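Student: Input: one structure, supplied below.
The values are calculated or read from the model by the stated rules, or taken from the named source; none is laboratory data. This structure is a prediction, so every number in the text was calculated from the model and none was measured. Cβ placement follows ideal geometry from the backbone for every residue including glycine, while neighbour counts extend to all protein chains displayed. Protein only, heavy atoms only, side chains kept; ligands, DNA and RNA dropped before computing areas. Shrake-Rupley method; radii C 1.70, N 1.55, O 1.52, S 1.80 Å.
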Amino acid sequence: MTLDLTPDELLSTTRAVRKRLDLTRPVPREVLEECLNLAQQAPTASYSQNWHFVVVTDAAKRAALGELWRQVAYPYLERGGGPREGQMARIGSAVVHLAEHLHEVPVHVIPCVRGRFDGKPNPLVASMFGSIIPAAWSFMLAARARGLGTCWTTVHLYYEMEAAEVLGIPFDKVSQAALIPVAYTLGGTDFKPAPRIPMDSIVHRDKW
């Protein structure tokens with residue numbers, strides 16, 4: 001069952017959900033597979049179809065990934081220094097909440113792409129990310145349409161090799177792109193568009 005959202009509503013209300021993830025409600029495998037089937041329709045460079053998704057529901061593996069995540073997240077937040085106000089304070093609080101509860105989120109999805117691109121030229125790196133990020137975003141949009149919350153996170157990649165060992169990913173042949181927590185949402189499924197900086201500050205016409 002999908003939510004009654006227009007394409008514009010779906011695109012403008014797929015938020016990074018951290019505090020509102022339901023840690024107790026299981027996510028059915030068939031719902032995840034519907035989202036992954038849609039993700040597989042995303043484009044890949046040279047029609048390579050070189051994306052992979054590792055779906056993690058095992059409690060011990062989620063705990064191990066959560067520990068790797070915290071080893072980066074807590075020092076990162078501490079380096080921010082000084083009091084935070086407004087939206088940044090809310091984001092910081094949400095990140096802390098996710099760090100404390102990531103291991104309880106019922107599903108972790110790790111989007112991956114075949115190949116290693118460390119130190120490679122930018123066109124190859126862009127091709128690699130261009131082959132996995134559209135598919136991962138399609139997965140997140142499909143999840144939102146089914147009442148699920150997600151959040152794009154990358155901090156565990158500082159320990160990508162350790163995460164690969166936890167999940168049996170062949171590190172020398174496959175690159176991880178993110179860790180996406182997936183769960184149903186607390187407090188309903190209504191999300192609003194986020195405030196954004198003025199359009200004129202980011203759009204450049206014919207020149208920078």
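Student: Over the range 84-172, what portion of Cα pair distances is larger than 19 Å, expressed as a whole percent? Please report the intermediate quantities before stating the final value.
Tutor: Values: 2171 of 3916 pairs.
Here the long-distance tail beyond 19 Å is 55 percent of all Cα pairs in the range 84-172.
Student: Sorted by accessible area (1.4 Å probe), largest first, how do LEU38, LEU167 line up?
Tutor: Numbers: LEU38 85, LEU167 30 Å².
These residues rank, largest area first, as LEU38, LEU167.
Student: Which aspartates and glutamates have a Cα less than 20 Å from the Cα of LYS192, not counting those fewer than 8 places away in the same chain?
Tutor: ASP4, ASP8, GLU9, ASP22
Student: What range in the chain is the longest one free of trypsin sites (Lys or Arg not before Pro) that are in a loop by DSSP and have at most 14 other Cβ atoms within 10 angstrom?
Tutor: 1-83
Student: Is the chain rounded, prolate or oblate when judged by the Cα gyration tensor, a ≥ b ≥ c being the square roots of its eigenvalues, rounded requiring a/c under 1.5 and prolate requiring a/b larger than b/c?
Tutor: rounded
Student: Might you tell me the accessible area per residue for the chain, computed with a 1.4 Å probe and given in Å²?
Tutor: Details: 12120 Å² over 208 residues.
I get 58 Å² per residue for this part.
Student: Next question, about the same structure. Got a number for carbon plus sulfur as a percent of the range 140-196's accessible area, 1.4 Å probe?
Tutor: 56
Student: Also, I was wondering about something else. I'd like to verify something in the chain: which complete DSSP H helices, judged by Cα projection on the helix axis, reach 27 Å or more and average at least 0.0 on the Kyte-Doolittle scale?
Tutor: Membrane-span-like by this rule: 122-145.
Student: Suppose R0 equals 30 Å. What FRET efficiency, 1/(1 + (r/R0)^6) with r the Cβ-Cβ distance, do ASP118 and ILE197 give to the nearest 0.05?
Tutor: E between ASP118 and ILE197, to the nearest 0.05, is 0.40.
Student: Looking only at ILE197, ILE91, ILE180, which one moves most when the chain is put into a Gaussian network model with springs between Cα atoms under 10 Å?
Tutor: Highest fluctuation among the options: ILE197.
Student: Additional query: Where does the chain land at 222 nm, in deg cm²/dmol rounded to the nearest 500, when only DSSP H runs of n ≥ 4 count, each adding -39500 (n - 2.57), divided by all residues?
Tutor: -13500 deg cm²/dmol
Student: Give the cross-link partners of LYS61 among the lysines, using a straight C-alpha distance below 27 Å as the criterion and excluding same-chain residues fewer than 8 apart.
Tutor: Partners found: LYS19, LYS173.
Student: Let me ask something else. Using alpha-carbon pairs under 8 Å, 6+ residues apart, how would you state the relative contact order of the range 70-208 in percent?
Tutor: Details: 122 pairs, mean separation 43.2, N = 139.
31 percent.
Student: I would also like to ask the following. Quick check: the distance between the Cα centres of the range 1-68 and the range 128-155, to the nearest angstrom?
Tutor: For the range 1-68 versus the range 128-155, the Cα centre distance is 6 Å.
Student: OK, next. Quick check: net charge around TYR74, other residues with Cβ under 14 Å of its Cβ, Lys/Arg +1 and Asp/Glu -1?
Tutor: Details: positive: ARG70, ARG79; negative: GLU67, GLU78, GLU100.
Charge balance in the 14 Å sphere: -1.
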